[in-house]
Structure formats: C-alpha cells, structure tokens
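Heads up, the thing below is written out as structure tokens.
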Amino acid sequence: MSTPQQSTAPAADVIAERISRFLQERTKTAWAPDADLFASGGVSSLFAMELVVFLEEAFDIEIAGRDLRLDNFRTIQVMTGLVQRLRESEADDRD
Amino acid sequence: MSEEGKAHRLLVLGAGVMGVGIATLGIGFGVPVTLVDVDRAKLDHARRRVRRELKLARLMGALPEGAAPGELVTTVSVEEAAEATVVIEAVTELAEVKAAALAKVSGLVAPGTPVVSNTSSIPIDELAGSVARPEDLIGTHFMNPPYLIPMVEVIRGRRTGAAVEATLASVLARLGRTSLVVADRPGFVTSRVLHPMINDAIRVVREGTAPPETVDALFEGCLGHRTGPLRTADLIGLDNLADSLRVLHERTGDAGCVPDQLLLDKVRAGHLGRKTGRGFYDYGGNPS
C-alpha cells in the first residue's frame with residue numbers, strides 16, 4: 001500500500017519531462033537531458049530566475065540558501081535531481 | 001567611525017522597478033531599507049518582488065556570502081525619512097514628479113544626509129530648486145538590475161556639495177558598488193550615448209533590416225556587447241526608455257532622440273519589456 005507522500009512525489013522521468021516541456025516552450029529549442037543551458041549559444045543567465053520560479057511553482061518546493069547556485073540549473077538532469085532531493089526533504093520535514 | 005562602517009538606514013522612494021532593485025541591493029548587503037510608495041498594493045507586491053530578486057542576486061553570486069539580509073520596512077508614510085542616513089528617490093522619470101517627491105523628503109532628513117535622485121536622464125540641477133538644501137542633492141544612475149551591475153554613474157549637480165559626494169561614494173562602496181562621477185548634462189554619459197543608439201536599433205527593426213534577435217546577436221557576436229540593444233531596451237522598460245528619449249530631445253534638440261514609432265506602439269500596447277513579460281521579446285508573460 002502506498003503512503004500519501006509516495007503517491008504525491010513524481011518520478012524522475014515525470015519531472016524531467018515536465019522541465020523539458022517548459023524549456024522547449026520558452027526557448028523554442030529541444031534540450032538533451034545533459035545539455036548545458038548556459039553554455040555559449042544557450043539561454044541568458046537571467047533566464048535562470050525563470051527556471052527557479054517555474055520549478056518552485058510546478059513542484060511545490062522552495063529553493064533557497066546554498067541551493068541557489070547557477071550550477072544547480074545547468075541541465076535537465078541536474079534540475080531533476082534537485083527537485084527530487086527537495087521533495088524528499090520536504091516529505092521528511094512532514095514526518 | 002568611517003562612513004563604510006557606519007550603521008546605515010536606506011530610504012527608497014518609489015516601489016517601481018528601480019526602487020525595488022535598489023531596495024534589494026541594500027537588503028542583500030545587510031543594510032536595513034525603508035521602501036516608501038503612495039500605493040499600498042504596490043508595496044505589497046514590492047515585498048514579493050524583493051524576495052524574488054534577492055534569490056536572483058544570490059543565484060548569480062552577487063551578494064556577500066553569509067551576510068544576514070537587512071530588514072525591509074514598507075510604508076506609505078514619507079515621515080519615516082527622519083531615521084534615514086541616505087535617501088534614494090526612484091519615482092517616475094518625470095521632472096515634476098521627482099521634484100515634488102524630493103521637496104517633501106529633503107525637509108525631513110538631517111542636514112548632510114545625501115538626498116539622491118536616481119534618474120537616467122534628468123539634469124540634477126533642474127531639481128535642486130525644489131529641495132531644502134541643494135548642497136545635499138546628488139544624482140545616481142543605477143543600471144537595471146542594480147545588484148547585478150557593479151558600477152554606478154554618479155552625477156554632481158552645479159550646487160552639489162563635496163561632503164555629500166564623498167558620503168555617497170562610501171555608501172555605494174558599502175553596497176559593493178564602484179562609482180564614477182560625471183557632470184550634470186541631459187542623459188549624463190551612458191543615456192546620452194546609449195538611448196539614441198537603442199532608438200536607432202528599434203528603427204532598424206521597424207524598417208525590416210533585421211529582426212530583434214539578429215540585431216542583438218550582431219551586437220553581441222561582432223561588437224562584444226554583453227546584451228544587445230533590444231534586450232537592453234526590454235530591461236530598461238520601454239515606457240522609461242521613451243520618457244528618457246523625450247527628456248533628451250527636449251533638452252538637446254537632437255532629432256535622433258525622438259522616440260521611434262515602433263517604440264511608441266509597443267508602449268501604447270502595454271508591452272513594456274521584462275516587467276510586463278513582453279517587449280521586443282516574449283518572456284512567457286511572466287513579469288520579472
């Protein structure tokens with residue numbers, strides 16, 4: 001039997017897919033899971049803030065303190081890991 | 001105690017884009033800030049925006065590590081100015097609106113307190129007649145966003161005193177900014193050169209020579225500009241850019257400063273750049 005916490009935590013592929021869709025919509029470009037968004041020819045660093053707001057709202061998390069680093073938003077893979085970690089720690093906080 | 005070590009309280013007048021940005025800079029560097037606006041709803045919104053912009057500043061590594069943020073007070077009462085050690089006026093870029101705000105606040109602060117008008121183009125001496133002590137009035141031209149751009153253009157008016165100029169320099173240093181002082185002419189250095197150039201870039205787009213993406217890519221790729229002219233326009237705010245161009249045109253007679261029709265059309269349509277989510281570029285409808 002699943003607990004409510006497990007049923008509300010999306011799986012990595014669901015998170016990655018949602019981030020990927022957002023990026024494609026906003027940048028009109030398809031991004032590989034390990035592509036560096038901020039590398040030359042990528043998105044502007046100001047766009048990182050749009051990513052923070054999107055991730056917070058879409059996955060109901062708060063990104064703060066040491067997690068506010070550009071390196072945490074470089075690739076879809078890295079962002080997926082960040083979302084999973086914050087979702088888990090918020091679930092722990094509720095225990 | 002040196003000015004840099006002194007406990008400051010910054011009073012910011014106007015909770016628009018620049019007021020919020022300057023408040024964010026102060027708080028991020030641990031200085032308490034009182035943000036004043038006549039509009040209570042705008043202040044509530046400003047509180048959320050400061051929180052978001054602090055995140056952006058942290059994300060970009062633009063704030064000192066481990067510094068406790070300064071306290072933010074929002075109020076509709078300019079009387080709070082009595083406690084301030086520095087006042088920065090950042091209301092709408094219209095000389096009469098700025099003069100009225102400065103007149104009120106300058107009578108409330110202690111003599112020797114820098115009363116700063118933040119403007120992209122209005123000569124400081126035009127405002128000096130409205131304040132209690134013209135020698136305490138000085139200009140700044142912070143770029144947007146103030147916490148990401150390390151340098152500030154400072155404008156010494158004809159009646160600005162040497163003491164206030166020195167105090168302001170040390171306050172800006174406390175906020176991690178370097179500053180350069182220029183003489184008091186319409187648009188000073190940066191706007192006098194940049195704004196007519198952006199106006200030309202807009203004309204190039206209207207005439208169909210190239211779309212905004214191409215114009216910006218050429219400035220970035222060929223000329224090494226960090227941000228092309230149309231993206232810069234979206235950051236300035238297209239209404240503010242049009243206002244600044246009018247100020248320049250009225251005072252210099254330079255026909256290149258008459259706002260281009262495409263700029264005016266965008267302002268009329270409410271597409272004011274990043275702050276409304278759309279200008280020359282689409283920011284996904286997310287004001288930022």
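What fraction of the Cα pairs in region A:23-95, stated in percent, has a spacing above 13 angstrom?
67
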note = Quick calc, B:ASP254 & B:LEU180: beta-carbon distance into FRET formula, R0 22 Å, rounding 0.05, result 0.40
Least to most buried among B:MET151, B:MET143, A:MET79 (fewest other Cβ within 10 Å first) = B:MET151, B:MET143, A:MET79
ask   = Label-point separation (nm) for B:ALA269 and B:GLU213, each offset 7 Å from Cα along Cα-to-Cβ?
value = 1.7
Helix-only CD estimate at 222 nm, as mean residue ellipticity for chain B, using -39500 (n - 2.57) per DSSP H run (n ≥ 4) = -13000 deg cm²/dmol
remark   = chain B, Gaussian network, Cα under 10 Å: of B:GLY66, B:GLY277, B:GLY253, the residue fluctuating most is B:GLY66
task = May I ask you to work out the translational diffusion coefficient for the protein assembly as shown at 10 °C, viscosity 1.306 mPa s, via Stokes-Einstein with Rh from the Kirkwood sum over Cα pairs, reported in whole µm²/s?
result = 71
Whole-Å semi-axes of region B:161-255's equivalent ellipsoid (Cα gyration tensor) = 30, 18, 10
query = Across region B:10-183, how large is the tail of the calculated P(r) beyond 26 Å, expressed as a percent of all Cα pairs?
reply = 20
query = Measuring from label point to label point, each 7 Å out along Cα→Cβ, what is the A:THR29 to B:CYS222 span in nm?
reply = 2.2
inquiry  = Let me confirm one metric for peptide B:45-57, namely the mean number of other chain beta-carbon atoms within 10 Å of its residues' beta-carbons.
reply    = 2
note = Each label sits 7 Å from Cα toward the beta-carbon; between A:ARG66 and A:SER45 the label points are separated, in nm, by 2.2
inquiry  = Taking the 0 to 90 degree range and rounding to the nearest ten, how far is the long axis of helix A:76-94 tilted relative to the main principal axis of chain A, both from C-alpha atoms?
reply    = 30
key: Order of B:LEU245, B:LEU180, B:LEU94 - criterion: other Cβ atoms within 10 Å of each residue's Cβ, fewest first   = B:LEU180, B:LEU94, B:LEU245
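Each value in this text was obtained by applying a stated rule to the coordinates, not by laboratory testing. Quick caveat, the model's predicted, so the values are computed rather than measured. Don't worry about glycine lacking a Cβ; one is built from the backbone with ideal geometry, like all the others, and counts go over all protein chains shown.
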